[in-house]
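To start, the structure itself, in structure tokens.
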Amino acid sequence: MLEPSLNNTYRDVLDDDMRDDEKFNPVYVEQIFEAKTRIFDEMCKATGTPDTEYDELSSAKFNARSVTKKMLADWLEAVCCIFDKYTTPVLANSLKVAADLDTMKDEKIIDQKKIIDLQEKIIEKKEAELQSVKTVVQTTVQSEIKSYSSVLKNTCNKALAPRRMQAALKTATEEDGRSKNLIIYGLEEKKEDKLEDEILEVLSHLDEKPRIVSCSRLGKDSTADKEPTKRNFQPIRVSLSGTDHVRQILNKTRKLRTVEGYTRVYICPDRSPDQRVSHKKLVEELKQKRISEPSKRHFIRNNSVFSCDT
């Protein structure tokens, strides 16, 4: 077949590399569609067919007086050229791609089957190992239970001794009593006022008005003869009617730092001697953290020091 001379209108969109390229390229498909569209648009215009209504192109339309033999010959030549020199190579390459995809699909199915078989073998092996461990654990536990039972029997006899029972009961009672107490530091001593009124005045700044069961200063004021700015006022133990008020007050105690006249007043839980020692260590750790990492915010919560970015 002789090489046809395509109209420039169609050739402009077709890449000549398409005829020799052995690889499928989606761009070539788009070019063929574009060339086809241009030919069909020209046919519609010559036959009086509405644009893009390609389905209405028929032999009757082509037999119209407005369509010359030269037009028909040019269109036929262009269509044959596009189909033979451009479309056929693209279709051939697409068949190769389809075959390669089928091969890859089959290989993937085989690989997946191998993976499933391997997973099943691993599961079987783990189940066997698990059963072996289970047997060993059961044997060990039974042995340890016998030993522990003997030790527990002797330990319980010692733990339930009268003195130890009394000590445990005393500790539990003290813990329960302290849970209803507060310790207030830094509150100035005013002899002309009642201590309970002073405490209620402090708590009013926290929007709290609990029922005070008892209150008293701890120890004696050994700095009564010093200047007010150098005095170390004795702490106050305050007993309330319940633990709920204690928790509410402790959650709000920071507000006092912004109240004039109470910036040096602190409210803390009533800790046991051991708890005071532990808390003192936490405070020291907190101070060190603030020195070593000044850019972060440090605080004590749940008996630990925490840090976070500010």
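The values are calculated or read from the model by the stated rules, or taken from the named source; none is laboratory data. This is a predicted model, so every value here is computed, not measured. Here Cβ is always computed from backbone atoms with ideal geometry, including for glycine, and neighbour counts include all displayed protein chains. Calculation scope for accessible area: heavy atoms of the full protein, side chains included, ligands and nucleic acids excluded. Shrake-Rupley method; radii C 1.70, N 1.55, O 1.52, S 1.80 Å.
Kindly provide the GluC sites (Glu not before Pro) of region 239-310 that DSSP labels as loop, not H, G, I, E or B, and whose Cβ sees at most 13 other Cβ atoms within 10 Å. Those satisfying the criteria are 260.
Given a 1.4 Å probe and the protein chains as shown, residue 266 ends up with an accessible area of around 110 Å². Calculated FRET efficiency, residue 76 and residue 101, Cβ-Cβ r, R0 30 Å, to nearest 0.05? The value I calculate is 0.30.
For region 35-152, the square roots a ≥ b ≥ c of the C-alpha gyration tensor eigenvalues yield an a/c of 1.5 or more together with a/b exceeding b/c, which makes the shape prolate. Just to confirm my numbers, what's the Cα centroid distance between region 20-50 and region 94-118 in Å? Taking the Cα centre of each part, region 20-50 and region 94-118 sit 35 Å apart.
Counting other Cβ atoms within 10 Å, keep those with at most 15, restrict to DSSP loop, and tell me which trypsin sites (Lys or Arg not before Pro) in region 45-121 are left. Walk me through the numbers on the way to the answer.
On the way: sites: 45, 61, 65, 69, 70, 85, 96, 105, 108, 113, 114, 121; in loops: 65.
In loop regions of region 45-121 (DSSP not H, G, I, E or B), the sparsely surrounded trypsin sites (Lys or Arg not before Pro) are 65.
With the simple model of a label 7 Å out from the Cα in the direction of the Cβ, residue 284 to residue 37 spans 8.3 nm. Restriction of the GluC sites (Glu not before Pro) in region 40-78 to DSSP coil positions whose beta-carbon has at most 13 other beta-carbons within 10 angstrom yields 53.
Between residue 237 and residue 259, what FRET efficiency follows from the Cβ-Cβ distance if R0 is 25 Å, with the result rounded to 0.05? The formula returns an efficiency of 0.70 here.
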